[in-house]
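The values are calculated or read from the model by the stated rules, or taken from the named source; none is laboratory data. Source: prediction; values computed, not measured. Cβ coordinates were reconstructed from backbone atoms using ideal geometry, including for glycine residues, and neighbour counts include every protein chain displayed. Surface accessibility is based on the protein's heavy atoms, side chains included, excluding ligands, DNA and RNA. Shrake-Rupley method; radii C 1.70, N 1.55, O 1.52, S 1.80 Å.
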Amino acid sequence: MKLDLKTYLNTTTKAAPLIVFRIGFGLMMFLSIIRFWAKGWIETLYIQPKFHFTYYGFEWVKPLGNYTYLLFIICGLAAFFVAIGYKYRLAIITFFLSFTYIELMDKTTYLNHYYFISIMSFMLIFLPANVSFSVDAYLKKKSYSYIPKWNIDAVKLLLGIVYVYAGLAKINSDWLGKAQPLKIWLPSKYDLPYIGENLMQQNWFHHAMSWSGMLYDLFIPFLLLYKKTRWVAFALVVFFHVFTRVLFPIGIFPYVMIVGSLIFFEAGFHEKVIAFLKRILQKFFNSKPKNSIVKEQYNYKYKNITIPVLVVFFTIQLLFPFRYSLYPDELFWTEEGYRFSWRVMLMEKMGYANFKIVDGTTKQSFYVNNTDFLTPFQEKQMSFQPDFILEYAHYLGDYYKNKGYQNVEVYVESYVALNGRLSQPFVDKTVNLYREKESFKHKDWILPFNDEIKGL
């Protein structure tokens, strides 16, 4: 086994697939930053809100006021430099840090694919994705044809984890047995041409979508790996992601996954893509690198560091999604260990949270108007997520304490409906949340879920 591992680590392959992945990833990220800015989301999500929900341990990460625009400019430029392979290592480190900082500024905007982009960009720091067809190679007049095979396999493995874990998460009684939450979402798409008023309204179609989504996620990486099924699998990738993009507002993520899936193709395909791009560039710039040297194999300078880092990285990726098993009660209800686990669009939760400020001595009280402090989007997300509720309770407690109120206590009357079930009380309304502290421990003030969802 030791010998086989050593042989594998020394096996090389053509660099073209990783080069094309770098270009596609960088361009997708560059366009996503422009799109985010153009839609005015920097202003509405990070500048306008009075209060931002933070991740535990990252409370120090805050929007930078108007300098937040500068942060986006840095992130966008870094993505563009990654795409063209200019100062690649510095560019991908800058992109990872700036993008991750942006995502940590307010957890209201958390999406699985933002997390995917952060960890993918982290991994790309350690991969030589600029050894060929890059500005770096052009300026150095030196490129490499071959890189270690594990470089490309690492990207495939991360994509495979995302898909397979998303498939495993769908093996639950709500998704497969009740077609929830698709049974709630799909009928609302009645305005879709041709299928909105028929297919989207059919019970059998909701179940078919649920089961096919689970099977797609579980098996698509393996179909992409196998040469005889690769083109069919890629056609499925394109259909699946374009269709989900039509159904749901999931931004640029479907295109990222489509472009990312190309890395499963053989090097010959990617060499044709690069040759095509070279012809386009030569038309625009009409220049070629002079005295350029094409070396056979790229040699890692820091191989002894890179491989252990990636082993730890993948170990975390494989284990971290299962941390929910350490918590009691239903995962979909408490959401303790839910994020960062590739559980994609599995829940429809609606909540109501009415906060009461109490003077602990006189017992005089009043209710808070949430719209005085939160945007509609923040209020919606806060209403059914326990860590949001706790953080907001502390914000309210501090706010009124600073206003001169004495012996401040904060209580909440909260109801949540999950996947079409009737609303039920969510938080123990007798608990003073201002005294409760955030931690990785179970929040025992969350009331039990009065049902059972079987599954992984």
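With a Förster radius of 30 Å applied to the beta-carbon distance between Phe313 and Gln202, the computed FRET efficiency rounds to 0.10. In terms of its Cα atoms, the range 1-51 spans 58, 27, 8 Å along the principal axes, sorted from long to short.
Between the residues Gln297, Leu374, Thr362, the greatest Cα displacement towards the positive end of the dipole of the chain, with unit charges on the Cβ of Lys, Arg, Asp and Glu, is found for Gln297. Surface composition of the range 107-265: carbon plus sulfur atoms contribute 71% of the solvent-accessible area (1.4 Å probe, protein chains only, all chains present).
Measuring between alpha carbons in the structure, the pairs from Lys140/Lys303; Lys401/Lys429; Lys227/Lys283 lying more than 31 angstrom apart are Lys227/Lys283.
My understanding is that a pair violates if its Cα-Cα distance is over 25 Å; which of Lys156/Lys183; Lys6/Lys301; Lys178/Lys349 do that in this structure? Distance filter (> 25 Å) returns Lys156/Lys183.
A straight chain from Asp359 to Trp211 at 0.36 nm per residue would run longer than the Cα-Cα distance by 48.1 nm.
A viscosity of 0.692 mPa s and a temperature of 37 °C, combined with the Kirkwood radius over C-alpha pairs in the Stokes-Einstein formula, give the range 275-380 a diffusion coefficient of 153 µm²/s.
Magnitude of the charge dipole for the chain, about its Cα centre and with charges confined to Cβ atoms of Lys, Arg (+1) and Asp, Glu (-1), is about 2540 debye. Seen against the Cα atoms of the chain and their longest principal axis, helix 230-247 is set at about 30 degrees.
The tail of the calculated P(r) for the range 51-178 beyond 20 Å holds 58 percent of all Cα-Cα pairs.
A full extension of the chain between Thr11 and Tyr194 corresponds to an added length of 60.8 nm, given 0.36 nm per residue minus the alpha carbon distance. Along its first, second and third principal axes, ordered by size, the range 113-232 spans 60, 31, 29 Å in Cα coordinates.
Size descriptors for the range 381-434: radius of gyration and Dmax over Cα atoms are 12.8, 43 Å. Dividing the mean sequence gap of close Cα pairs (under 8 Å, 6+ apart) by how many residues the range 352-456 holds gives a relative contact order of 28 percent. Against the set (1) 33.6; (2) 25.6; (3) 23.9, the structure's computed mean projected area of the Cα convex hull in nm² falls on (2). Computed extension length for Tyr56-Asn299: 83.5 nm, one decimal, from 0.36 nm per residue of separation with the Cα-Cα distance subtracted. Working from label points 7 Å from Cα in the Cα-to-Cβ sense, the Leu77 to Lys228 distance is 5.2 nm. Solvent-accessible surface of the range 342-456, averaged per residue with a 1.4 angstrom probe and all protein chains in place: 53 square angstrom.
Hey, what did the range 58-194 get for relative contact order, percent, Cα under 8 Å, at least 6 apart? Averaging sequence separation for qualifying contacts and normalising by length gives 19 percent for the range 58-194. Summary of packing: across the peptides 34-43, 18-27, the per-residue average of other C-beta atoms within 10 Å ranks them, highest first, as 18-27, 34-43.
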